[in-house]
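The values are calculated or read from the model by the stated rules, or taken from the named source; none is laboratory data. Note that the structure is predicted; figures quoted are calculated from it, not measured. As a convention, Cβ positions derive from the backbone with ideal geometry for all residues, glycine included, and neighbour counts pool all protein chains shown.
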Amino acid sequence: GLDAIPEENQAPVTVTHFAFQMMVGIGMFMMLLSVIYFISFKKKEWLTKKWFLNAFAMATPLGFIAVAAGWTVTEVGRQPWIIHNVMRTADAVTPMPGIAYSFYLFTAIYISLSLAVIFLLKRQISMVPSLYDELNPSDH
């Protein structure tokens, strides 16, 4: 086990373990929610239960959280190595002084793209009521 590995070569166990537990727990919860959905769908009850629809709405970000937890397990669990017993993470850091500019540029690009997506989604959502008015003029 861990006793056979020198302490300076060990990955942070607590973070890795917690992220793994979170990833597996969320995955199991989402599988349970899927089974409940399947049973409710067969009984034709899935649209009549408000708690069930709320559970689905609340579970929306869980897949993303599980993926992030899995990424944490992968990246933190391999520390301090980039390549096991060949290269440490500290040795792989680039000494290039201008690397910060690339980081700032990509950050600005992603922030700009995120703002554009938010703007477009808001515009699409605000158009929905007017689309229904055009489709059903007799409802007024």
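May I ask you to list the residues in segment 56-88 that are of a type outside the set (A, V, I, L, M, F, W, C) and over 30 Å from residue 27 (Cα atoms)?
Within segment 56-88, 85, 88 meet the criteria.
I'd like the full set of residues that are of a type in the set (A, V, I, L, M, F, W, C) and in contact (Cβ under 8 Å) with a residue 24 or more places away in the chain, limited to segment 55-66. Listed by number, the residues that qualify are 59, 62, 65, 66. Evaluation of residue 94 against the conditions (1) under 24 Å from residue 27 (Cβ atoms); (2) hydroxyl-bearing (Ser, Thr, Tyr); (3) not in a helix (DSSP H, G or I) shows that the sole unmet condition is (1). Among the residues of segment 2-42, those identified as of a type in the set (Ser, Thr, Tyr) and either in contact with a Phe, Trp or Tyr (Cβ under 7 Å, 6 or more places away or on another chain) or closer than 29 Å to residue 56 by Cβ (or both) are 34, 37, 40.
For beta carbons closer than 6 Å, sequence separation of 6+ or different chains, a first residue in segment 18-39 that is touching a residue at least 40 places away in the same chain (Cβ under 8 Å) and a second that is polar (S, T, N, Q), the qualifying pairs are 19/72. Pairing residues of segment 73-87 that are closer than 15 Å to residue 13 by Cβ and among the charged types (D, E, K, R) with residues that are in a loop (DSSP other than H, G, I, E, B) and at pLDDT 85 or above, at Cβ distances under 9 Å and at least 6 apart in sequence or on separate chains, gives 78/11. Being part of a helix (DSSP H, G or I), surrounded by fewer than 10 Cβ atoms within 10 Å (Cβ to Cβ) and either touching an Asp or Glu at 6+ places or on another chain (Cβ under 9 Å) or modelled with pLDDT under 85 (or both) is the requirement here; does residue 126 meet it? It is false that residue 126 is part of a helix (DSSP H, G or I), surrounded by fewer than 10 Cβ atoms within 10 Å (Cβ to Cβ) and either touching an Asp or Glu at 6+ places or on another chain (Cβ under 9 Å) or modelled with pLDDT under 85 (or both).
Going by what's in this entry, would residue 81 be described as among the aromatic types (Phe, Trp, Tyr), under 25 Å from residue 5 (Cα atoms) and surrounded by 11 or more Cβ atoms within 10 Å (Cβ to Cβ)? It would help to see each step written out before you state the result.
Details: among the aromatic types (Phe, Trp, Tyr): yes; under 25 Å from residue 5 (Cα atoms): yes; surrounded by 11 or more Cβ atoms within 10 Å (Cβ to Cβ): yes.
Here the answer is yes, as residue 81 does meet what is asked.
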